[in-house]
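The values are calculated or read from the model by the stated rules, or taken from the named source; none is laboratory data. Since the model is a prediction, treat every value here as computed from it, not as a measurement. With ideal geometry, Cβ positions are generated from the backbone for all residues, glycine too; neighbour counts draw on all protein chains shown. Protein only, heavy atoms only, side chains kept; ligands, DNA and RNA dropped before computing areas. Shrake-Rupley method; radii C 1.70, N 1.55, O 1.52, S 1.80 Å.
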Amino acid sequence: MTAGIDDISIYIPRLYVDANDFAEARGLDPAKLQKGLGVSKMAIVDTNQDPACLAANACLSVMQNNKLSPEDIGRLYVSTESSFDESKAMNSYVIGMLEQVYGQGAFEHCGGVETKFACVSGSYALYDNLNWIRAGEAEGKAALVVVSDIAKYDLGSSGEMTQGAGAVTMLLNDHPRLLTFDPRVTATSIRDEYDFYRPFGKETPIVHGQYSNLLYMIQVRKALEIYKDKAVSTGLIKLEPGETILDHMDYINMHLPYSAMGKKALAYLVRHEWRQLPRWKKIIQEIGMEEPVPKDPRGTIESVLRDHEFMTKDHEFTKLFTQTPEYQEVYEAKLSSSLIASKMIGNLYTASLYLGFRSSLEFEYQKGIDLEGKRVGFGAYGSGSSAMVFSGVIQPEYKEVVKSMNLEEELGSRRKLTLNEYETIHENKLGLEESILKTKHEFILVNVNTSIESRGERRYVFTK
Ligand code: COA
């Protein structure tokens, strides 16, 4: 049985910090954000928004756009790394909010959990729900997989320039208009790591940024190797001599903690794939330098990062590689459109990969390209750490959905925060009722109980 994504909706908070204002306030060159990281705006949540509100708003929009009723939905999963409760799952809050619109008990038949594994958990939730559909358990119902996060780092930390917030809801069913996933090729890699983590009670993560960048690329590459074996052994893809598996992906969507990370990760994957092929000789000639190798090629990530001579040469090599016409062609054709939304919104942790997918659909369609039958590869990564690589094929009915995608319109009129306003919100100095914006037809948080017997209970309303 086939299964895939029928529609996607997003909810992005309307407040943002401008990258140039941010750079000026932190004494940074704005080009580091705009060009180096590919960040131009970072979405920030208002005082009365939490990741559950973002998730519920994105769910409501996919249900309304598709005229779905609660009976049409069999599962509702929320994947997040911005959880605020150690026990009560975020999807229960989302159901509570949706029932304010659809009536109490309207989702009682619906199952689901909150999933956690840093930024990769949404991809595991997607996979599990696709298999629920493929197994025939769905009985004609659809699944909603919501990825929702607030990427918040300490003031003054190097992660602070890669913040953002938002939610993406994916409507999954057995007759998807957008994308059908390729069966039996999903590949995973996993390993116990401390590149990025958020201990209990801490609002912001502890991050080893450069370590996490390198680990992300290594882990995704491992998953890609497994994907390749599966794709070949299942007969999904036949590799001719001189070809790489990436030649068989028309589009590649990567996890995007900031948009430039997509370019960096794609360059890493392409470089490792091409190295084995005859075409590499020409690339090396164009670059004009040999590919550097670390002093200890079998060393750890730490030893590679400590090898400054190698790191400097490798950085130079990567820059030259990404400037070759061969890489530029791959980048422009397969990845570039997926980065546009990330630049405008920032980091969405679990939702970044899927915002990128949506961005790619909208902006490739706008180029007038016929997307039917194109294979899309996904490279997911979650710190801690695990990677997933999988793929799907764009369906003939995709236009019905993609033609009405309009990111600018959906973002609506956004309100730029001054650095002072941003820092006040960041440090939680304002109460829920002191929100910057007054919204209509959206779920907002109105109370968090502080009494001993009901501490932490949250109340939400749908604004009129
Ligand atoms: N003009 C143009 N580009 C500039 C620049 C300038 N003035 N100054 C720096 N840059 C470039 C750098 O060359 C680098 O690009 P490259 O990676 O292609 O070489 C990029 O901007 C970032 O600079 P860098 O010095 O690496 O930044 P940093 O170490 O201060 O912080 C992160 C970058 C990603 C490590 C940091 O933001 C972070 O910790 N983020 C959170 C963790 C994360 O997102 N991890 C990703 C994997 S999940």
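Close amide H partners of residue 374, meaning residues 5 or more places away or on another chain with modelled amide H under 5 Å apart, are 394. Between residue 302 and residue 34, the FRET efficiency estimated from the beta carbon spacing at R0 = 30 angstrom works out to 0.45. The amide H of residue 253, built 1.01 Å from its N in the peptide plane, has 377, 378, 379 as neighbours under 5 Å, considering only residues 5 or more places off or on other chains.
To the nearest whole percent, what portion of all C-alpha pairs in region 76-143 is separated by more than 17 angstrom? Summing the P(r) tail past 17 Å for region 76-143 gives 48 percent.
Here the simple spin-label model places points 7 Å from the Cα toward Cβ, and for residue 428 and residue 184 these points are separated by 5.0 nm. The calculated FRET efficiency for the pair residue 204 and residue 88, based on their C-beta separation and a Förster distance of 22 Å, comes to about 0.50.
What is the gain in length, in nm to one decimal, between residue 455 and residue 282 on full extension, counting 0.36 nm per residue of separation less the C-alpha to C-alpha distance?
Working: separation 173, 0.36 × 173 = 62.28 nm, distance 6.47 nm.
Net length gain for the segment: 55.8 nm.
Annotation: per residue accessible area for region 215-350 equals 47 Å², rounded to a whole number [probe 1.4 Å, protein chains only]. Net charge in the neighbourhood of residue 306 (other residues with Cβ under 12 Å of its Cβ; Lys, Arg +1, Asp, Glu -1) is -3. Calculated [222 nm] ellipticity per residue, helices only, for the chain: -11000 deg cm²/dmol; basis is -39500 (n - 2.57) per DSSP H run with n ≥ 4, divided by all residues, nearest 500.
Sort 192, 50 by heavy-atom solvent-accessible area, probe 1.4 angstrom, most to least.
On the way: 192 135, 50 10 Å².
The most accessible residue leads, giving 192, 50.
Maximal additional length on extending the residue 439-residue 416 stretch stands at 6.7 nm, based on 0.36 nm per residue less the C-alpha distance.
Using a 1.4 angstrom probe on the protein heavy atoms only, line up 177, 191 by accessible area, largest first.
Values: 177 50, 191 85 Å².
Highest to lowest solvent-accessible surface, that is 191, 177.
Where the centroid of each part is defined by its Cα atoms, how far is region 112-161 from region 206-221 in Å? Using only Cα atoms, the two centres lie 20 Å from each other. Which of rounded, prolate, oblate describes region 310-462, given a ≥ b ≥ c as roots of the alpha-carbon gyration tensor eigenvalues and a/c under 1.5 marking rounded, otherwise prolate only if a/b is larger than b/c? Prolate, because a/c is 1.5 or more and a/b exceeds b/c. The largest-to-smallest principal axis extents of the Cα set in the chain are 66, 54, 41 Å. Between the amide H of residue 179 and those of 5, 395, distances stay under 5 Å, these residues lying 5 or more places away or on another chain, with hydrogens modeled in the peptide plane.
Can you pull the percent of the chain's accessible area that's carbon plus sulfur, 1.4 Å probe, other chains left in place?
On the way: 10090 of 20140 Å².
Of all accessible area on the chain, carbon and sulfur atoms account for 50 percent.
Shape verdict for region 422-464, please, from the Cα gyration tensor: rounded (a/c under 1.5), prolate (a/b greater than b/c) or oblate. Oblate is the answer for region 422-464, as a/c is 1.5 or above yet b/c matches or exceeds a/b.
For region 46-200, what Kirkwood radius comes out of the mean inverse Cα-Cα distance, in Å? Don't jump to the answer; show the numbers that get you there.
Numbers: mean 1/r = 0.0601 Å⁻¹.
About 16.6 Å for region 46-200.
Dipole of region 7-144 computed with +1 at Lys/Arg Cβ and -1 at Asp/Glu Cβ about the Cα centre; of 132, 104, 38, farthest Cα towards the positive end is 38.
Cβ-Cβ distance of residue 367 and residue 154, R₀ of 35 Å, FRET efficiency by 1/(1 + (r/R0)^6): the value works out to about 0.30.
In the neighborhood of residue 460, defined by Cβ-to-Cβ distances under 12 Å, what is the net charge if each Lys or Arg adds +1 and each Asp or Glu adds -1? Before the final figure, lay out the partial values.
Values: positive: 458, 459; negative: 50, 99, 442, 457.
Around residue 460, the surrounding residues sum to -2.
Across the protein chains, with a 1.4 Å probe defining accessible surface, the residues 54, 430 rank 430, 54 from largest area downward. Across all Cα atoms of region 56-100, the radius of gyration (one decimal) and Dmax (whole number) stand at 11.3, 34 Å.
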